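Step one of this worksheet: look at the structure below.
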Amino acid sequence: MPSTTKTIDIHVNDRQILDERLDAAVKNLQEEAMLTGTHGIIVTRNRPGSYTATLSDQVPFGTTREIIL
């Protein structure tokens, strides 16, 4: 079972705002990942306008992966 830590949920209706919030979430998680150097980031598109960005030990440090459900 994957171990995860911090998760940021993003819900928007506007593409420009989506890009801004995704960028901010990834930057925030990158800063936290730097503290341990053991987690990467998974960004999941749950449905249009709904995303989750999560630190995960199943993704190598320094890597961001995108999943579309």
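Any read-out appearing in this document is the output of simple, stated calculations on the displayed coordinates, not a laboratory observation. Note that the structure is a prediction, hence the values are computed from the model and not measured. Cβ atoms come from the backbone with ideal geometry, glycine included; neighbour counts cover every protein chain shown.
Only helices enter this figure: runs of n ≥ 4 DSSP H residues, each worth -39500 (n - 2.57), summed and divided by the residues of the chain, yield -11000 deg cm²/dmol at 222 nm to the nearest 500. Residue exposure proxy: Thr54, Thr38, ordered by other Cβ atoms within 10 angstrom of their Cβ from fewest to most, comes out as Thr38, Thr54. Compared with the dominant Cα axis of the chain, that is its longest principal axis, helix 15-36 is turned about 10°. Close amide H contacts of Val59 (hydrogens built in the peptide plane, cut-off under 5 Å, sequence separation of 5 or more or a different chain): Gly40. Expressed to the nearest 5 percent, the antiparallel share of DSSP beta bridges inside the chain is 70 percent.
Here the residues Lys6, Lys27, ranked from fewest to most Cβ neighbours within 10 Å of their Cβ, fall in the order Lys27, Lys6.
Cβ-to-Cβ counts within 10 Å put His39, His11 in ascending order as His11, His39, the fewest first. For the chain, the normalised intensity computed at q = 0.29 Å⁻¹ comes to -1.32 (log10 of I(q)/I(0), Debye sum over alpha carbons, equal scatterers, no solvent).
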